[in-house]
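Please read the structure below before turning to the comments.
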Amino acid sequence: MAMRKVYSEIKGMKLKEVPGYFKPMLSMGYLKKSVQRGLDNYHAKYIETDSIEPLYHVCFGGMIFSYLVALPNERRHLEHKKHAEQHALKMVWIVVVPFSVLSGNNSICLMLFGCNL
């Protein structure tokens, strides 16, 4: 709706006049008034009517925020998993077993076991 209003206002302007139309809207005072007007509208629409919707806004906003905060870490994990699947290496286990278990001597034997992942 707001974009339609802006479009209808700048539709008849010349290109040189458009920056002059937007420049006052980018001032700090105009931005403060716009935010205050938005907060007043929200208060009148939801808070004064005893609506439960602000609770929903907080819950869903918190979920979205936590998802966005965790997203880089999740993407890093997915890239690592993808990289590991592409380069599926053989895993070698080295097990140190006392040789006395196998032959009765007191020396140490290294046994290598391999498996594909």
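Structure above, values below:
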item: 24 Å Cα-Cα reach of Lys16 towards lysines, excluding residues that sit fewer than 8 places from it in its own chain; result: Lys5
item: Centroid-to-centroid separation of segment 1-53 and segment 66-85 [C-alpha atoms, Å]; result: 38
item: Note, ³J(HN,Hα) from phi for segment 68-84, Karplus 6.51, -1.76, 1.60, rounded to Hz, x at Gly and Pro; result: 5, 5, 7, 4, x, 5, 5, 5, 5, 5, 5, 5, 5, 5, 5, 5, 5
item: Straight-distance crosslink candidates among aspartates and glutamates, where the alpha carbon sits under 17 Å from Lys32 and sequence neighbours closer than 8 are dropped; result: Asp40
item: Under Karplus coefficients 6.51, -1.76 and 1.60, residue-wise ³J(HN,Hα) of segment 48-55 in Hz, glycine/proline x; result: 6, 8, 6, 7, 8, 4, x, 5
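All of the numbers you see were taken from the coordinates with simple rules; none came from a lab. Just so we're clear, the structure is a prediction, and the values are computed from it rather than from any experiment.
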